[in-house]
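Right, one structure below, let's go through it.
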Amino acid sequence: KAPEVICRNEKRILQEAVDALLDNTMRRSQNTALAQGQRRPLKSLAEMLKGKQGRFRQNLLGKRVDYSGRSVIVVGPELKMSQCGLPKHMALELFRPFVIAELIKKEIAYNIRGAGKLVDEKIPEVWAILEEVIKDKRVLLNRAPSLHRLSFQAFQPVLIGGNAIQLHPMVCHGFNADFDGDQMAVHVPLGPEAQAEAKNIVASVKNLLRPGNGEPIVDPSQDMVLGCYWLTKIKPSAQGEGNYYSSPDDAILASSFGKVDIRAKIKVLPVKLPKYEIFNGEIFETTVGRLMFNGTLPDDFPYINEETGKKILSSVVARLIEKYGIDATPDILDRIKEFGFRYATASGISWGYHDLKLPEKKEEILAEAEKLAIEIKGQYQDGLLTDSERYNKVIEIWQGAKNKIEDLVPGTMDKMGPVHAMVSSGARGSLGQLGQMTGMKGLMINPAGKIIDFPVRSSYKEGLGILEYFITTHGARKGEADTSLKTSKAGYLTRRLVDVSHDVVVTEDNCADKDGIIVSRSNMESYGKKLSARIFGRTLASSAGNFKKGHLLTMADAKELESSGAEEVNIYSPITCLAKRGVCRKCYGYDLGSGAPVKIGEAVGIIAAQSVGEPGTQLTMKTFHKGGIAGGGDITMGLPRIEEIFLLRVPKNPAAVCDAEGEVLEIKQAGEELDLKNTDKIITVLIDRETAKTDKESKEFYIPFGRFVTVKKGDKLKVGDVLTDGSLNIKEYFAIAGRDKTQEYILKEVDKVYSMQGASINEKHIEVIIKQMFSRLKVVDAGDTDLNTGEAVNSQRALEENERAESEGKNPAKLESTVMSIDKVALSAAGFLSAASFQDTARVLIKTAVMGGEDKLIGLKENVIIGRLIPAGTGFRKEYMKEEEQIEN
């Protein structure tokens with residue numbers, strides 16, 4: 001028998017081997033099991049599952065598919081909006097099984113192998129059959145990164161030569177595609193149901209609106225804008241100027257005979273068509289070009305008698321969709337596209353080096369600024385200014401000089417020249433870019449985000465000096481680094497948002513909610529948003545203006561309410577929705593992607609996550625420093641601020657919140673002697689004894705240096721009033737001010753960040769995410785239920801458990817509402833599959849195994865993982881209908 005010590009050692013080795021097999025990262029000791037003769041640890045069973053390359057994310061949530069291809073995209077200017085150009089040999093490979101089936105059916109081949117050979121030989125019959133096969137088929141095009149649902153759209157393939165996929169120029173915006181070498185993937189929906197969905201739901205012509213804010217995403221751009229603008233601009237003293245014509249057709253005829261210039265100002269008598277009603281039958285001034293442009297629009301669309309730049313064209317598209325609906329608009333847009341391209345070509349616009357002229361007074365302005373800068377430097381050397389004062393003054397001087405020069409730039413442009421046409425039409429370029437090309441480049445930022453106080457005086461036309469060039473490379477490099485960091489950060493945020501909200505689906509028509517939320521005009525206007533944008537597409541929870549409770553507001557209704565001077569509007573919201581699962585149609589309102597009331601089964605959670613995540617890449621990564629004062633409040637903005645809110649991080653020096661009702665007694669400096677550098681303050685509040693829970697007479701709030709006090713002596717305060725500027729600690733605010741105020745605060749803060757960056761999102765998407773953040777209840781005492789004290793559970797499950805306990809005459813659990821970060825909500829999902837595929841895979845699986853958890857397959861991810869159709873959209877309705885049928889039977 002072996003000695004005890006050897007047995008113990010062998011047992012230890014065996015235990016370690018088993019541990020390493022299960023999870024090789026868990027061992028705290030140094031000796032993880034290594035692959036033979038290698039320094040790399042072996043991959044354990046747990047590691048097979050976790051991370052991006054693990055089983056869940058690599059193989060279950062995303063699979064490689066057959067019948068797909070990818071290629072470079074090029075513009076297809078002659079395509080209809082519903083079409084895409086597909087290279088012949090690519091299409092043949094993609095539709096191979098269909099072609100083989102046809103060959104056998106037509107008895108050109110007698111078995112699959114023979115048919116396959118014929119396809120490989122590409123005999124003429126094969127091409128004919130391919131044309132036939134794809135006649136009524138749709139293919140899906142996708143451009144990575146797929147940030148929102150418009151990154152996948154379905155098109156009718158048109159067979160073309162060459163190796164590049166052709167894309168309609170107007171759908172680029174949704175894909176965020178351009179033709180500088182982008183690639184796209186093609187997928188073939190195989191079954192009849194998939195083809196039907198591609199045709200009726202995913203088709204490019206059905207997706208003209210952005211699901212994030214309901215604005216059109218198809219827009220004429222670049223060459224199309226330039227062509228329309230060039231043709232509708234009046235050319236002074238052109239041939240035939242001032243001619244009179246008895247009808248629009250006569251004028252167009254005269255121009256085709258060369259009697260009048262297409263851009264000359266002429267006078268025309270309108271004909272009796274709804275289009276010309278605005279002129280009341282009187283002669284109006286216009287050009288032949290404008291008559292032709294209006295000819296592309298429907299007969300009852302009001303006449304547009306101005307230069308059609310980008311803004312006008314965008315508003316035309318929005319009006320077309322509003323007036324004629326989504327189905328009729330694509331054909332009109334195709335006509336505008338044809339028209340724009342045709343006249344951009346006819347105009348022969350091009351531009352060269354000499355079209356850019358330098359502002360004449362530039363040298364004068366620079367000399368003046370130089371003189372002032374030298375004066376400031378002298379004052380600093382004489383000890384009259386501190387270094388930071390000198391720095392700020394110098395920057396102010398050069399910024400002022402740059403602005404003065406930029407103001408001169410528009411004056412250097414030839415009003416009929418090509419540069420003016422491109423910039424003022426909105427086709428390409430901006431005054432800012434022109435300012436750099438002909439004015440001066442200005443001040444640059446160093447990698448730390450500080451402005452360098454040496455200005456770049458040259459413009460690109462004059463060329464940069466060696467030192468100037470070197471300074472600009474600073475900013476350029478920082479830009480590159482920031483962009484790549486930002487992209488991955490934004491992508492990760494989107495993923496977390498999807499995980500938290502993927503199970504929110506529209507499940508019923510009407511929940512029993514009576515309250516809704518109140519939207520106030522002053523609150524919206526405080527960060528530059530209109531009331532109408534906030535209440536559009538929502539159901540009224542109490543009557544307002546001429547509209548009764550329960551009315552679904554269209555854009556026109558919302559504008560009417562806004563102009564009637566309504567201060568507050570009570571609307572239903574996903575936040576207050578009482579639907580058992582997901583949300584109801586009444587609380588959600590319009591589906592912004594289709595401009596109609598939302599359908600049952602719509603996956604509004606995913607749409608919310610994509611709408612909040614997709615503009616994330618446009619947000620900045622900046623943290624502004626207040627003039628470089630140490631300890632001064634840094635203002636977090638952009639993406640970091642969104643993360644801070646959704647992850648409930650505690651901000652640096654949060655704002656002070658009043659937790660008692662009372663009156664401000666005094667605001668004084670902290671500390672006895674007055675210290676100029678450190679000016680912390682203390683606010684003393686006299687507590688209102690009747691409402692207070694404490695016996696104290698007053699309460700002091702300590703305000704750290706850098707925070708600005710927003711209350712004054714004598715102000716009456718309520719519980720939850722904010723005493724200073726700065727961001728709140730959301731958890732603390734929730735404990736003091738309660739649920740409603742916290743939800744309002746989160747909504748306002750998120751909305752503010754996006755509005756300031758000019759990325760507008762409809763608030764209902766943020767509301768869906770907020771609903772999820774408040775969707776868990778904390779178990780204070782489990783009573784006789786199956787819940788565990790201290791855990792956070794889905795409110796739905798908790799209420800069901802309590803109902804069950806009460807019906808059996810047992811003690812229900814005591815619950816309290818709580819706010820959780822999106823990470824925690826995702827990990828506390830009802831089903832373990834979704835949580836395990838998100839983060840902390842091993843921990844989630846261990847916890848589920850220990851607790852004997854189960855997954856009811858309620859969300860979308862769970863169903864994708866086990867390979868079922870998702871319970872949303874077309875998949876939802878079937879399930880829903882089955883239940884309805886059973887009830888009826």
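Roughly how many whole Å is it from the C-alpha centroid of segment 634-665 to that of segment 314-340? That distance is 45 Å. Were the residues from Gln757 through Glu338 laid out at 0.36 nm apart, the gain over their Cα-Cα distance would be 147.5 nm. Take the Cα of Ser522, step 7 Å toward its Cβ, do the same at Leu273, and the gap between the two points is 5.2 nm. For trypsin sites (Lys or Arg not before Pro), the sites in segment 101-185 that DSSP calls loop and that have at most 16 other Cβ atoms within 10 Å are Lys106, Lys122, Lys135.
With the cut-off at 25 Å, tell me which of the pairs Lys415/Lys461; Lys337/Lys764; Lys731/Lys814 have Cα atoms farther apart than that.
Lys337/Lys764
Helical runs assigned H by DSSP (4 residues or longer) give the chain a calculated mean residue ellipticity at 222 nm of -12500 deg cm²/dmol, each run adding -39500 (n - 2.57) before division by the residue total. Couplings for segment 802-816, taken from phi via the Karplus curve 6.51 cos²θ - 1.76 cosθ + 1.60 with θ = phi - 60°, read 5, 4, 5, 4, 5, 5, 8, x, 9, 7, x, 7, 8, 10, 9 Hz in order; Gly and Pro are left as x.
Computed from the C-beta positions of Asn546 and Phe179, the FRET efficiency with R₀ = 56 Å rounds to 0.65. Given q = 0.13, 0.19, 0.21 Å⁻¹, what are the Debye log10 I(q)/I(0) values for segment 68-206, with equal point scatterers placed on the Cα positions and solvent ignored? Debye intensities relative to I(0), on a log10 scale: -0.55, -1.05, -1.22. Segment 556-613 and segment 62-133 have their alpha-carbon centroids 43 Å apart. State the Cα centre-to-centre distance between segment 463-490 and segment 509-553 in whole Å. Here the answer is 45 Å between Cα centres. For segment 772-888, the calculated P(r) over all alpha carbon pairs, in 10 Å bins from 0 to the bin holding the longest distance, is 13, 34, 34, 18, 1 percent.
Summing charges over neighbours of Glu375, with a neighbour being any other residue whose Cβ is under 14 Å away from its Cβ, gives -1 when K and R count +1 and D and E count -1.
Pairs with C-alpha atoms separated by more than 31 Å, drawn from the list Lys652/Lys713; Lys80/Lys259; Lys63/Lys856, are Lys80/Lys259.
Annotation: peptides 94-103, 223-232, 390-399, ranked by per-residue average of other Cβ atoms within 10 Å with the highest first, follow the order 223-232, 94-103, 390-399.
Take each peptide in 200-213, 850-863, count the other Cβ atoms within 10 Å of every residue, and average; sorted highest first, the result is 200-213, 850-863. Gyration tensor over the Cα atoms of the chain: the corresponding equivalent ellipsoid has semi-axes (square roots of 5 times the eigenvalues, largest first) of 50, 44, 33 Å. Here the simple spin-label model places points 7 Å from the Cα toward Cβ, and for Asp250 and Glu480 these points are separated by 6.4 nm. Would you list, by chain and number, the aspartates and glutamates whose Cα falls below 16 Å from the Cα of Lys668, excluding same-chain residues fewer than 8 positions away? Within the straight-line cut-off, Lys668 pairs with Asp680, Glu700, Asp715.
Computed from the coordinates by the stated procedures, all read-outs in this text should not be read as laboratory data. From a predicted model like this one, the values you see are computed outputs, not experimental measurements. With ideal geometry, Cβ positions are generated from the backbone for all residues, glycine too; neighbour counts draw on all protein chains shown.
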